[in-house]
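Only one structure is covered here, and it is reproduced in the block below.
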Amino acid sequence: MKIGFFSDTYFPQVSGVATSIKTLKEELEKNGHEVYIFTTSDPNADKFEEDVIRMPSVPFVSFKDRRIVVRGMWYAYLISKELELDLIHTHTEFGAGLLGKMVGKKMKIPVIHTYHTMYEDYLHYIAKGKVLRPTHVKYYSRVFSNHSTGVVCPSERVIEKLRSYGVFKPMRIIPTGIDIEKFKRSDITTEMIQETRAELGIQQDQLMILSLSRLSYEKNIQAIIQGFPKVLESLPNARLVIVGKGPYMEALQEMAVELGISDYTQFVGEVANDAVALYYKAADFFVSTSTSETQGLTYTEAMAAGTPLVVEGNAYLNNLISHPSLGETFDSDEAFPEALVDYVNRSISHDEEVLKEKLFEISATHFGEEMIAFYQDMIDYHEQLLMQKELEPSMEKIRVRFSSFKK
């Protein structure tokens, strides 16, 4: 099978979508398929990238570190035709995604779409929410999704939202898998972990509570900081380590000072990709109060590293954390301090068998298998749709002739 991925973000840009695309590309290629990336131009990209086709783009409004394709439909079509693509998989609803739709329609091949982002959570970035409204998101998402052959939803939350928008095309929940070995990291020694904790000023008898994500308003890290004074009342040996960068960092730092917990809180900033697993392993617990995730790769990354999760729940996370040894979910921001203190005090033992089963479920291997099965189902479905369209004119002629006989 030859597949074209159309996305407005790809490496060297770093994002969950770019990581998901790269992971899926590698898994599909392991299974003998060919994958080509149609994406934005990027001044930081290598001059030659195998199987990557870059199209003219400009920085996206309010997200200057992201780009959007502005032209290249005919160019993309000619390359797709030359490659003889069997299927197109779009990963954005905008520039490159629209190109992918047009190319797929012209080539008469299936167009699968992954709905990666819950846009209603990000409207405040565009003219402070005064231009685009939830009704605009609902309309555009419905139209875009219903013009796809089928839609991949990373979690139950996404599929429920799209159904509420009026999306009727086939949808399937396929959570993005991760490369387990990148986070299990047998090469990370106890000494390395101790050194990292020492660099952070965390003593052996202290608890390292880790938050790792982009520091933006919708990630809701403010709820962790606001709840941490109550955590300290019961767990005075707890220390909060916040890893990541973003536009909300300064506000979060000021909040920590105002609440009097700056001595118990560290803002590490962004860390190198190969160091992320080390921070997960150095932590005693991973925490999150985000409610904007369609899935959230940091949850599965922490799990793969063997770090228990204490996170604000949703349908996806409640299913992911299926055993107490993996962690615990709570219902609201206000419940965070009590949930963390309770989970720490329960001292639940690690269960290797439970983790082993869960790691396969969240693995890139399983992700690839599920996606290939969906591709094949959608190819069959698309062929049926084409046959129906071909039959419609003939059936209409039969109806007209039958009506003339009745007269």
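The values are calculated or read from the model by the stated rules, or taken from the named source; none is laboratory data. Note that this is a predicted model, so its numbers are computed, not measured. FYI the Cβ positions are ideal-geometry reconstructions off the backbone, even for glycines, and counts take in every protein chain you see. For the accessible areas, the whole protein counts, side chains as well, though only heavy atoms, and no ligand, DNA or RNA atoms are used. Shrake-Rupley method; radii C 1.70, N 1.55, O 1.52, S 1.80 Å.
For the range 1-67, state which GluC sites (Glu not before Pro) are in a DSSP loop and have at most 15 other beta carbons lying within 10 Å of their beta carbon.
Glu49, Glu50
Considering the alpha-carbon set of the chain alone, what are its Rg and its Dmax in angstrom?
Rg then Dmax for the chain, in Å: 23.8, 94.
With a 10 Å cut-off between alpha carbons and a GNM built on the chain, which of Ala272, Ala335, Ala373 moves the most?
Ala272
The range 21-121: which trypsin sites (Lys or Arg not before Pro) are DSSP loop and have at most 11 other beta-carbon atoms within 10 angstrom? Can you show the working numbers first?
Values: sites: Lys22, Lys25, Lys30, Lys47, Arg54, Lys64, Arg66, Arg67, Arg71, Lys81, Lys101, Lys105, Lys106, Lys108; in loops: Lys47, Arg71, Lys108.
Here the sparse-neighbourhood loop sites are Lys47, Lys108.
List the chymotrypsin sites (Phe, Trp or Tyr not before Pro) within the range 134-209 that fall in a DSSP loop (any state other than H, G, I, E or B) and whose Cβ has at most 13 other Cβ atoms within 10 Å.
Phe168
Give the accessible surface of the chain per residue, rounded to a whole number of Å², with probe radius 1.4 Å and ligands, DNA and RNA excluded. If you can, show how the numbers build up before the last one.
Working: 20240 Å² over 407 residues.
Counting only protein heavy atoms, the per-residue value for the chain is 50 Å².
Which residues' amide hydrogens lie under 5 Å from the amide hydrogen of Val52, considering only partners 5 or more residues apart or on another chain, with H built in the peptide plane?
Correct list: Ile37.
Normalising by the residue count of the chain, find the relative contact order in percent from Cα pairs under 8 Å and 6+ residues apart.
14 percent
Does the range 211-322 come out rounded, prolate or oblate, given a ≥ b ≥ c as the square roots of the eigenvalues of its C-alpha gyration tensor, rounded meaning a/c under 1.5 and, failing that, prolate meaning a/b above b/c? Numbers along the way, then the final one.
Numbers: a/c = 1.39, a/b = 1.34, b/c = 1.04.
It is rounded, given that a/c, with a ≥ b ≥ c, falls under 1.5.
Would you list, by chain and number, the aspartates and glutamates whose Cα falls below 12 Å from the Cα of Lys161, excluding same-chain residues fewer than 8 positions away?
Glu120
In whole percent, how big is the carbon plus sulfur part of the accessible area of the chain, probe 1.4 Å, protein atoms only?
52 percent
Taking the dipole about the Cα centre of the chain, with the C-beta of Lys and Arg at +1 and of Asp and Glu at -1, give me whichever of Thr289, Phe267, Val241 is farthest to the positive side.
Value computed over the given set: Thr289.
Among Lys22/Lys358; Lys30/Lys105; Lys2/Lys182; Lys106/Lys245; Lys105/Lys358, which pairs are too far apart, with a Cα-Cα distance over 30 Å?
As for pairs spanning more than 30 Å Cα to Cα, those are Lys106/Lys245; Lys105/Lys358.
Among Ile173, Ile348, Ile37, which one moves the most in a GNM of the chain with springs linking Cα atoms closer than 10 Å?
Among Ile173, Ile348, Ile37, the largest GNM mean-square fluctuation belongs to Ile348.
Counting DSSP beta bridges in the chain, what percent are antiparallel, to the nearest 5?
Close to 10 percent.
For the chain, set up a Gaussian network in which alpha carbons nearer than 10 Å are linked by springs, and say which option among Asn220, Asn345, Asn146 fluctuates the most.
Most flexible of the set in this elastic network: Asn345.
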